[in-house]
Amino acid sequence: MSVPSLPVLPAPPVTIAADAAVLSRYGEVLLQAMVSEPGAGAYEDDPRSGLVDALSRLALALQAGNPARLRRQTSWWGRLLGRDMERQADADALQSQCGVLLLNAQAHARLLGAVLKVTTLGIAHHLHGAQALEQWSDAGDALIAGLPGEARGRLQQRVSHLRMLASLKRVEAGHAQVLQDQDAALLDHFQRIAEVLLPAWQQAVRARSTQGHARQNDQAAQVLGQIRDEVASAQARLP
């Protein structure tokens, strides 16, 4: 992933006048320059839940030809309530839509990839801003020593405010990093299903239909189990 382009933020002054108006605005030029930081963006549908839902429906559709496996996935209480039959009916209805479900998952994955890029840019801006705020705070601490008593107090208030904002920026960057890691993991699960496991399952099913060997049955079932595991891991990534 390319390094995001960051704006050049104003540098702190090397001297400052003992003027109340000037001291009370210390760092204001920096804060104004940071107003244009990118936002997280808004989407009508959550690409994370949309991607996981599409993968879940795809995994269910792939199991339509194995009613026994679907039955084993349902608890005894669920079987008593007929939920295994409901799952089988859902799988049968989705079986002919595998291609559409995969396209739907790909669309959500592309949108999530765009979200990931915005999040990466946001993290870089948060850290860039935090560093600038800390530079202004350090410069302010150095300037305080050369000011008279009352002026020192005014500048100290501004420096404390800038340091607090720097800490908040780093906290925001940390929260965004957690979300970025979750999104990247979701995309990894999708890519493994779409690019590795699904083609392997299709190949095993074709071999089973032409050769009918038990080994192909076992291979298809094994790959299907891996797909279900990937979907379960993706579901666990949702907030």
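The values are calculated or read from the model by the stated rules, or taken from the named source; none is laboratory data. Given the structure is predicted, the values throughout are model-derived calculations rather than measurements. Glycine also receives a Cβ, built like all others from the backbone with ideal geometry; neighbour counts cover every protein chain displayed. Heavy atoms of the whole protein, side chains included, go into the accessibility calculation; ligands, DNA and RNA do not. Shrake-Rupley method; radii C 1.70, N 1.55, O 1.52, S 1.80 Å.
Condition test on Gln235, is it at pLDDT below 90, open to solvent by 70 Å² or more (accessible area, probe 1.4 Å), more than 30 Å from Ala17 (Cβ to Cβ) and within 25 Å of the chain's Cα centre (by Cα)?
yes
For Arg170, work out the one condition from (1) over 30 Å from Ala18 (Cα atoms); (2) modelled with pLDDT of 95 or more; (3) surrounded by 18 or more Cβ atoms within 10 Å (Cβ to Cβ) it doesn't fulfil.
Looking at each condition in turn, Arg170 falls short on (3).
Might you let me know whether the stretch 59-79 holds any residue that is farther than 18 Å from Gly122 by Cβ, at pLDDT 85 or above, under 31 Å from the mean Cα position of the chain (by Cα) and not aromatic (Phe, Trp, Tyr)?
No, every residue in the stretch 59-79 fails to be farther than 18 Å from Gly122 by Cβ, at pLDDT 85 or above, under 31 Å from the mean Cα position of the chain (by Cα) and not aromatic (Phe, Trp, Tyr).
Would you be able to say whether some residue in the stretch 163-171 is of a type outside the set (S, T, N, Q), within 30 Å of Ser233 (Cα to Cα) and part of a helix (DSSP H, G or I)?
Within the stretch 163-171, one or more residues are of a type outside the set (S, T, N, Q), within 30 Å of Ser233 (Cα to Cα) and part of a helix (DSSP H, G or I).
Would you confirm, using the coordinates I've provided, whether His128 is over 30 Å from the mean Cα position of the chain (by Cα) and at pLDDT 95 or above?
Spelling it out, it is not the case that His128 is over 30 Å from the mean Cα position of the chain (by Cα) and at pLDDT 95 or above.
Quick one: in the stretch 131-145, which of the residues that are touching a residue at least 24 places away in the same chain (Cβ under 8 Å) and among the small types (Gly, Ala, Ser) is nearest to Leu6 (Cα to Cα)?
The selected residue is Ala132.
Given the conditions (1) at pLDDT 90 or above; (2) under 26 Å from Gln135 (Cβ atoms), and given that Pro4 satisfies all but one, which numbered condition is not satisfied?
Of everything listed in (1) at pLDDT 90 or above; (2) under 26 Å from Gln135 (Cβ atoms), Pro4 misses just condition (1).
Please specify each residue of the stretch 174-189 satisfying the condition of being in contact with a Ser or Thr (Cβ under 9 Å, 6 or more places away or on another chain) and farther than 23 Å from Asp229 by Cβ.
Those that are in contact with a Ser or Thr (Cβ under 9 Å, 6 or more places away or on another chain) and farther than 23 Å from Asp229 by Cβ: Ala176, Gln177, Leu179, Gln180.
Let me confirm something: among Arg163, Arg170, which residue is closer than 28 Å to Gln32 by Cα, charged (D, E, K, R) and over 20 Å from the mean Cα position of the chain (by Cα)?
So the residue among Arg163, Arg170 that is closer than 28 Å to Gln32 by Cα, charged (D, E, K, R) and over 20 Å from the mean Cα position of the chain (by Cα) is Arg163.
Only one of Leu165, Leu147, Leu101, Leu179 is modelled with pLDDT under 95, among the aliphatic types (A, V, I, L, M) and open to solvent by 30 Å² or more (accessible area, probe 1.4 Å). Can you tell me which?
Matching residue, one of Leu165, Leu147, Leu101, Leu179: Leu179.
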